[in-house]
Amino acid sequence: MRVTGGTARGRRLKSPPAGVRPTADAVREAIFNVVETQGADLSRVLDLYAGSGALGIEALSRGAGWCDLVERNPVNAALIRENLKLAGVQERAHVHQIPAERASERLEGPYSLLLADPPYDDDAALAAIERMARSRLVGPGATLVLEHSRRRQAPEELGALQLVWSRRYGDTQVSIYREEGTP
């Protein structure tokens with residue numbers, strides 16, 4: 001697993017233990033190409049269900065000012081901290097070892113870019129992301145990137161955010177949401 005763009009491009013990241021599905025390099029690169037093309041603001045990023053931290057680290061490498069990474073598993077949270085150091089972006093990030101479902105209660109928003117890559121078989125995750133999308137964590141003009149199984153239909157809206165783009169990559173579906181009227 002490598003960082004695909006920005007200042008840390010090419011740096012290797014450590015992979016999480018078995019049972020965690022990190023976003024593939026090619027999918028991560030595609031996500032950020034679309035996010036950048038759409039003019040998303042990378043000033044303040046939230047990475048939910050962070051796993052290895054690869055999505056948040058990619059955002060930091062590509063110019064994000066700050067990233068909060070949320071991961072409940074202590075082994076994965078330690079791995080994220082290590083990966084942040086490997087990429088040289090640890091000064092602009094913080095790992096929160098809490099359940100993603102608690103993020104809207106515990107974190108200070110707002111965020112301009114929200115990244116969510118929950119386990120594909122977690123039925124409660126979409127409800128948690130919906131709650132988060134309605135919370136103070138979502139800033140004006142924010143972009144939300146949801147990674148999910150292609151076998152599950154993405155909702156047309158999450159809170160005030162509308163589905164603006166969706167594409168399939170193997171078993172992975174990436175859906176991007178923005179406020180209606182946001183360029």
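Quick note: the coordinates plus some simple rules give every number you see, no bench work behind them. This one's a predicted model, so the numbers in the text were calculated from it and none came from an experiment. In this analysis, Cβ positions are derived from the backbone assuming ideal geometry, glycine residues included, and neighbour counts consider all displayed protein chains.
Sequence-distant contacts, meaning Cα pairs under 8 Å at least 6 residues apart, place the relative contact order of the chain at 18 percent. What the Cα convex hull of segment 71-179 gives, in volume per residue, is 117 Å³. When the charge dipole of the chain is built from unit charges on Cβ atoms (+1 for Lys and Arg, -1 for Asp and Glu) and taken about the Cα centre, the candidate among Q173, A8, A50 whose Cα reaches farthest toward its positive end is A8.
Gain on full extension, evaluated as 0.36 nm per residue between A26 and A127 minus their Cα-Cα distance, stands at 33.6 nm. Inter-label distance, Y169 to Q97: 2.9 nm, where each label sits 7 Å from its Cα along the C-beta direction. The stretch between R9 and A160, if pulled fully straight at 0.36 nm per residue, gains 51.0 nm over its current Cα-Cα span.
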